[in-house]
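Worksheet: one structure, shown below.
The values are calculated or read from the model by the stated rules, or taken from the named source; none is laboratory data. Since we're looking at a predicted model, the values are computed, not measured. All Cβ positions, even for glycine, are placed from backbone atoms using ideal geometry, and neighbour counts span all protein chains on display. All accessible areas refer to the heavy atoms of the entire protein, side chains included, with ligands and DNA or RNA removed. Shrake-Rupley method; radii C 1.70, N 1.55, O 1.52, S 1.80 Å.
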Amino acid sequence: MLAQINHMAMSSHHWPMVGRFYEAVFGLRNTGRSRPLNAVTVGDGYAGLNINPIRDGFAGGLDHFGITVEDAGEVLERARRKFPEAAIVKRPSTRPFAAFSGHDPDGNVFDLSERDKSKLDGIYADTKEEGGWNQERYLNKFAIRTLHAGKVAEFYTEVFELKPLNTKSPPGSYHMTDGRVTLSILPWSIPVFEGMSIKRPGPDHIGFKVESIGALKKSITEVVGGCTYLAPMPTGGNKEAEARKALLAASTTGKFQLADPDGNWIDVTDE
């Protein structure tokens, strides 16, 4: 039972604009399943990106990711047997694309659905024949920074059968894949943020595979020239900003890093 990472989610005060950024810069497609009061949903034919409006009492930024499996019952049994500190609960019937939500042993949240029961096949299709499509720029990573990285990595490999990768960067991190999208588990502690404000444990950055870093940079220049509202948020500049920029570079496995208009970190590779 190899699970598929089928979506990633973030919250934003400017969710329609952030959705346009991912469409314009990375070529993600609006799925046509508009939920004007709830979210912008874009995707690459395999994985979706949901940009949700911020609700009262909630923080913005990267929020959670979703996993599709063949048999949710088997996942529930594995999680309860091996990781009692984790929990998975059934969601309201108004959310058929995420029948369950859960958290890993450190409290990081994920959605869970069964493949043949997912309603958002336009975003979450795992093959072209099932409603997806192929494109050169696509989501390839969701990274979480968490206190007990080893225990959390064990949870995702044992419960969901994500396959470990040999990538060793940064020290203390773990990387696993569904065959296309990587889940990166990074260590969290206060000393990691020396020289800057403390970033809470939780989702850290997302990643994209592109055909060429040079082509991506050219696209960004063209997009910003057409609409400055879609400009990436600058990284670096003063002492703390440079520390954040250096942390991001040291925490990623790609070749180029940037931030979307809301400041969400993105790691990009063309390999």
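In the stretch 1-32, which residues are hydroxyl-bearing (Ser, Thr, Tyr), within 16 Å of the chain's Cα centre (by Cα) and not in a helix (DSSP H, G or I)? Across the stretch 1-32, the qualifying residues are 11, 12. With the condition kept exactly as written, say whether any residue in the stretch 225-241 is under 24 Å from residue 45 (Cβ atoms) and under 18 Å from the mean Cα position of the chain (by Cα). Scanning the stretch 225-241 turns up at least one residue that is under 24 Å from residue 45 (Cβ atoms) and under 18 Å from the mean Cα position of the chain (by Cα). With respect to the stated conditions, residue 85 is among the acidic types (Asp, Glu), modelled with pLDDT of 80 or more and open to solvent by 60 Å² or more (accessible area, probe 1.4 Å). Do we have residue 126 as open to solvent by 10 Å² or more (accessible area, probe 1.4 Å), part of a helix (DSSP H, G or I), under 16 Å from residue 3 (Cβ atoms) and at pLDDT below 95 here? Judged against the criteria, residue 126 is not a match.
Matching residues to (1) at pLDDT 90 or above; (2) open to solvent by less than 30 Å² (accessible area, probe 1.4 Å); (3) small (Gly, Ala, Ser); (4) under 15 Å from residue 263 (Cα atoms):
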site: 3; (1), (2), (3), (4): yes, yes, yes, no
site: 7; (1), (2), (3), (4): yes, yes, no, no
site: 17; (1), (2), (3), (4): yes, no, no, yes
site: 26; (1), (2), (3), (4): yes, yes, no, no
site: 32; (1), (2), (3), (4): no, no, yes, no
site: 35; (1), (2), (3), (4): no, no, no, no
site: 43; (1), (2), (3), (4): yes, yes, yes, no
site: 50; (1), (2), (3), (4): yes, yes, no, no
site: 60; (1), (2), (3), (4): yes, no, yes, yes
